[in-house]
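Chemist: Input: one structure, supplied below.
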Amino acid sequence: MHKTTKNLAILGSTGSIGTQTLEVLEALENKELFNVVSMSCGNNIELFIEQVKKFNPEKVCISNPAKEKELKSIFPKLEIFSGDDGLIELASDKSLDIMLTGTSGYVGLKPTIKALENGVDIALANKETLVMAGDIVTETAKRHNAKILPVDSEHSAILQSSAGRFDTLNKIIITASGGPFLNKTKDEIFHATGADALKHPRWNMGKKITIDSATLMNKGLEVIEAHHLFNLPYEKIEVVIHPESLVHSAVEFKDGSIVAQIGLPSMHIPIQYALCYPNRETGIKSNSFNFIGQKLTFDKPDFEKFPCLKMAYEAGKAGGTMPVVLNAANEVCVYKFLNGKIGIKELIKTVEYELEHHNLIKNPTLEEIFETDKEIRAKLQ
């Protein structure tokens, strides 16, 4: 194996980010850049079997322990783990150089911290990791000299535009498409169905993140992530509505100069950039952006129509366990909304109520973070 080959773990290989990560690996001109050491999946065991056959990892983790026997019969030499403990087992591998956290939900937090403790770089596509425990995660990375490389297109754009010089920034500008409800009234939004909210005009994503994009909660979570990733106060993180989704985000330097990352919507590019950072390798190439005939528009977000964004700013500024409450309450309510049990108005009011009535723990331990998360979910189920 080539001496510069990086050992890679992929958590969530059958999800949207995971499948695109494998497409990035297949497209790289230099096939010796990465060695897939381990992979994990949720419930899509059929796709996972095909992925394991193709990428030949040494270890895997599946969410359902009942499927271990089936997998073992197909891959008798494969080390197989299951559940949350299995994810931590994969992350504990000290031979890893980089781990892509593509799992959804809070299950990505513990394995990410475990990998960071071993000095493993993280290509992060899991919002909950920084939203729930940003201070702990970034401090762990700093202490063990590990990098957290964002996979979100907006945070990747900030990393690319700043060239990693966060100390020279005056502010960052995070763009938002505005989602399917941009031109709807507040009343129309409150009466929207799950089908209405899933009609995102620009991106094809999973259901949960698509609903979050419709309420702009997703942008609020990105603001909290950006605060931790780039070590900037919330006053220097600006959200701008940009319906064309061509400027993925921008940075303003201390001298007033602004640098933006522009391109056609594609998750392959930020995934590839995070894995190969700081290099740009020959692999998947986005279709070239043509400036001719393009119209780029920008506007400020309407906090009255989209109160979730305002709540996220407030929760982030409060810090401690407040973002944990925001994230947990929102996630439970999103799935209730998708199942037709509540409307968007009730989703928003529930998150707002939980934030207002939470007894803030200012500097929580990891255990207190998980306990807060558990309490909110149990209460709202």
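Chemist: How far is it, in nm, from the label point at L47 to the one at K300 when both lie 7 Å from their Cα along the line to the Cβ?
Modeler: 4.1
Chemist: Let me ask you something else. Quick one: Debye curve from the alpha-carbon atoms of the stretch 1-111 only, equal weights, vacuum; give me log10 I(q)/I(0) at q = 0.09, 0.16, 0.21, 0.24 Å⁻¹ to two decimals.
Modeler: Once normalised to I(0) and log-transformed, intensities are -0.20, -0.66, -1.15, -1.49.
Chemist: Give me the accessible area per residue for the chain, probe 1.4 Å, as a whole number in Å².
Modeler: Roughly 46 Å² per residue, with all protein chains present.
Chemist: On the accessible surface of the chain, probed at 1.4 Å, how many percent belong to carbon and sulfur atoms? Don't jump to the answer; show the numbers that get you there.
Modeler: Values: 8400 of 17420 Å².
Carbon plus sulfur share of accessible area: 48 percent.
Chemist: What are the equivalent ellipsoid semi-axes of the stretch 140-194, built from the alpha-carbon gyration tensor (square roots of five times its eigenvalues), in whole angstrom, biggest first? All intermediate terms of the calculation are to be shown ahead of the outcome.
Modeler: Details: eigenvalues 248, 45, 18 Å².
Gyration-tensor ellipsoid for the stretch 140-194: 35, 15, 9 Å.
Chemist: Enumerate by residue number the GluC sites (Glu not before Pro) in the stretch 117-157 meeting two conditions: DSSP loop (anything except H, G, I, E, B), and at most 10 other Cβ atoms within 10 Å of the site's Cβ.
Modeler: none
Chemist: Quick check on the stretch 51-183: what does the Kirkwood estimate of hydrodynamic radius come out to from the alpha carbon pairs, in Å?
Modeler: 16.8
Chemist: Let me ask something else about it. Which trypsin sites (Lys or Arg not before Pro) in the stretch 257-331 sit in a loop by DSSP (not H, G, I, E or B) and have at most 16 other Cβ atoms within 10 Å of their own Cβ?
Modeler: Listed in order of number, the matching sites are R280, K285, K295.
Chemist: Follow-up question, since we're still on this one. How many angstrom lie between the Cα centre of the stretch 50-74 and the Cα centre of the stretch 108-171?
Modeler: About 29 Å separates the Cα centre of the stretch 50-74 from the one of the stretch 108-171.
Chemist: Excluding same-chain residues fewer than 8 positions from K300, which lysines have a Cα within less than 17 Å of its Cα?
Modeler: Straight-distance partners of K300: K171, K184, K186, K219, K236, K310.
Chemist: Per residue, what volume in Å³ does the convex hull of the Cα atoms of the stretch 247-327 enclose?
Modeler: Normalising the Cα hull of the stretch 247-327 by residue number yields 195 Å³.
Chemist: Using only the heavy atoms of the protein chains and a 1.4 Å probe, how would D196, D299 rank by accessible area, largest first?
Modeler: Ranked from most to least accessible, the order is D299, D196.
Chemist: Would you please name the GluC sites (Glu not before Pro) within the stretch 243-307 that are DSSP coil residues with at most 11 other C-beta atoms within 10 Å of their C-beta?
Modeler: Those satisfying the criteria are E304.
Chemist: Next question, about the same structure. I'd like the Kirkwood hydrodynamic radius of the chain, using the inverse of the mean 1/r over distinct C-alpha pairs, in Å.
Modeler: With all distinct Cα pairs of the chain included, I get 21.3 Å.
Chemist: Taking the Cβ-Cβ separation of R165 and R143 as r and a Förster radius of 22 Å, what is the calculated FRET efficiency to the nearest 0.05?
Modeler: 0.50
Chemist: Another one. How far apart, in nm, are the 7 Å Cα→Cβ label points at E356 and T4?
Modeler: 5.7
Chemist: Still on this model: Test of understanding: given the chain, find the longest segment containing no chymotrypsin sites (Phe, Trp or Tyr not before Pro) that are in a DSSP loop and have at most 11 other Cβ atoms within 10 Å.
Modeler: Longest gap between qualifying sites, sites excluded: 1-288.
The values are calculated or read from the model by the stated rules, or taken from the named source; none is laboratory data. Predicted model, so just to flag it, every value in this text is computed and none were measured. Quick reminder, even Gly has a Cβ in these numbers, built from the backbone with ideal geometry, and neighbours come from all protein chains shown. Ligands, DNA and RNA are stripped out before the accessible areas are found, and what is left, the full protein with its side chains, is counted by its heavy atoms. Shrake-Rupley method; radii C 1.70, N 1.55, O 1.52, S 1.80 Å.
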